[in-house]
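The values are calculated or read from the model by the stated rules, or taken from the named source; none is laboratory data. Values in this document were obtained by computation on a predicted structure and should not be read as measured data. Because the Cβ atoms are built from the backbone with ideal geometry, glycine has one as well, and the counts that use them run over all protein chains shown. These accessible areas exclude ligands, DNA and RNA; they are computed on the full protein's heavy atoms, side chains included. Shrake-Rupley method; radii C 1.70, N 1.55, O 1.52, S 1.80 Å.
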Amino acid sequence: MDRVYAAKRLGIKTGTLYKDAKKLCPNVIPVRARHALYTDYHDRILKTVDTCIPIEKIVSIDEVACRLMGREREIPAAREIAHKIKRALREQIGECITCSIGLASNVFLGKVGSDLQKPDGLVVLTPENLPDAILHLRLRDIYGIGRRMEERLNRAGIRSVADLWNAPSHRLRQIWGGIHGLLYYQMLHGVDIQPPSSSRTKSMSHQHVLEPELRNRAGAKNFSHHLLTKAAERLRHKNYFCHRLGLHLSWLGDQASWWDEVDFHEARDTDFLLERLEHLWRRVPNYKPLTVSVVLMGLVPASGHQPDLFADNPRRHKLSSLVDNINDRYGRGAIGFGLMPSKVREFRGHAAFQRVPEAWEF
């Protein structure tokens, strides 16, 4: 963990390319990610926290939100719960597992507070110490403000956290271009709300930053096939069908990223989806790829699925389920669709911050 923060102090952050990391620190040593292990620790941590206080929301692989009730909201009681969580993680997971906890009136400010002291902090943000406790931060230190939003805020004359705090709600609504600006104002000022979200699954996607030796058309195409195979397996595991497939590529260089999609009748058969992906690849420009992603859209629960009366070969749809069963029994990647380079076939998936894979995916 100390090495992680040492790297961050040098400017090496999540998503930094290896070549850029080498420029920042010539002696940097790359370490192969162990995503199945990360997912296992994620599950263990959730169970440990749940012994101290119920988890209300899993925000990402390394972040959860818990709601305090009744007398738990009194600062001394809330602090004791926070220390109880820290002790439980140390005793049940390991002494190297630390956590930063933010206590506040909503999840948004709790996130801001947890970022104020790392790697093992405990920060309380209350109406009494706000906004003073956060005025020293830069705009981009505030959760939800990235480079582009900072530029929009700057153009509107908001250049500091103090400016942001003092801006009226209607001004933030104008800057954000809608209701999210009003929600941001309310959350910043302590109102216990969350942005509206839909519980319905709308899409499933897989993305990968290509290794240097795969940054060519063949490498990107092979990896897109592999990602689609994984996405289709998830689709069946979740008992959904889809009726649209999208392909996205970003490039090395100044070319704009590329996106295209294709529609079809509701499907979840891997072989069928791979055929549709092949149609999309006929339209892909011939640039040097950096990332590739596939997206299954227009998801329909199996309970609402309408079969195609004119399906060309209904029997072949059973093949995907048979492949799933073999992989369930002998391990992911035991059998697949078509020939695949070993570098691609070895990829079992990764634990992204916004989606935590289930154990069966590895």
Pairs with Cβ under 9 Å, 6+ apart, first in the stretch 178-205 and closer than 30 Å to Leu273 by Cβ and basic (Lys, Arg), second open to solvent by 60 Å² or more (accessible area, probe 1.4 Å) and modelled with pLDDT under 80
none
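Give the residue, chosen from Leu280, Leu274, that is part of a helix (DSSP H, G or I) and in contact with a His (Cβ under 9 Å, 6 or more places away or on another chain).
On the way: Leu280 fails: in contact with a His (Cβ under 9 Å, 6 or more places away or on another chain).
Exactly one residue qualifies, and that residue is Leu274.
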Any residue that is within 30 Å of Ile158 (Cβ to Cβ) and among the small types (Gly, Ala, Ser) - is there at least one of those in the stretch 120-134?
yes
Could you grab me the full set of residues in the stretch 48-62 that are more than 19 Å from the chain's Cα centre (by Cα), of a type in the set (Val, Ile, Thr) and open to solvent by less than 50 Å² (accessible area, probe 1.4 Å)?
Thr48, Val49, Ile53
Within the stretch 85-93, does at least one residue satisfy the condition of being surrounded by fewer than 13 Cβ atoms within 10 Å (Cβ to Cβ) and either in a loop (DSSP other than H, G, I, E, B) or in contact (Cβ under 8 Å) with a residue 12 or more places away in the chain (or both)?
no
Output the residues belonging to the stretch 218-254 that are modelled with pLDDT of 95 or more, open to solvent by 30 Å² or more (accessible area, probe 1.4 Å) and within 12 Å of Tyr287 (Cα to Cα).
none
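Look through Ser257, Ser203 and report the one residue that is at pLDDT below 90, open to solvent by 50 Å² or more (accessible area, probe 1.4 Å) and hydroxyl-bearing (Ser, Thr, Tyr). Walk me through it before giving the result.
Numbers: Ser257 fails: at pLDDT below 90.
Answer to the check: Ser203.
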Is it fair to say Ala65 is surrounded by 13 or more Cβ atoms within 10 Å (Cβ to Cβ), closer than 23 Å to Gly94 by Cα and in contact with a helix residue (DSSP H, G or I) (Cβ under 7 Å, 6 or more places away or on another chain)?
yes
Reported set for the stretch 300-341 where residues are in a helix (DSSP H, G or I), modelled with pLDDT under 70 and open to solvent by 60 Å² or more (accessible area, probe 1.4 Å) is Pro314, Arg315, His317
Please enumerate the residues belonging to the stretch 66-82 that are under 28 Å from the mean Cα position of the chain (by Cα) and in a helix (DSSP H, G or I).
Ile81, Ala82
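Across the stretch 146-175, what is the total count of residues that are part of a helix (DSSP H, G or I) and either closer than 17 Å to Leu130 by Cβ or of a type outside the set (S, T, N, Q) (or both)? Let's see the steps before the verdict.
If we filter the stretch 146-175 for residues that are part of a helix (DSSP H, G or I), which is where we start, we get 147-155, 161-166, 169-175.
Checking the rest, the ones that are also either closer than 17 Å to Leu130 by Cβ or of a type outside the set (S, T, N, Q) (or both) come to 147-153, 155, 161-166, 169-173, 175.
Count: 20.
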Cβ pairs under 9 Å, 6+ apart, first in the stretch 59-71 and acidic (Asp, Glu), second loosely packed, with under 14 Cβ neighbours inside 10 Å:
Asp62/Phe353; Glu63/Phe353
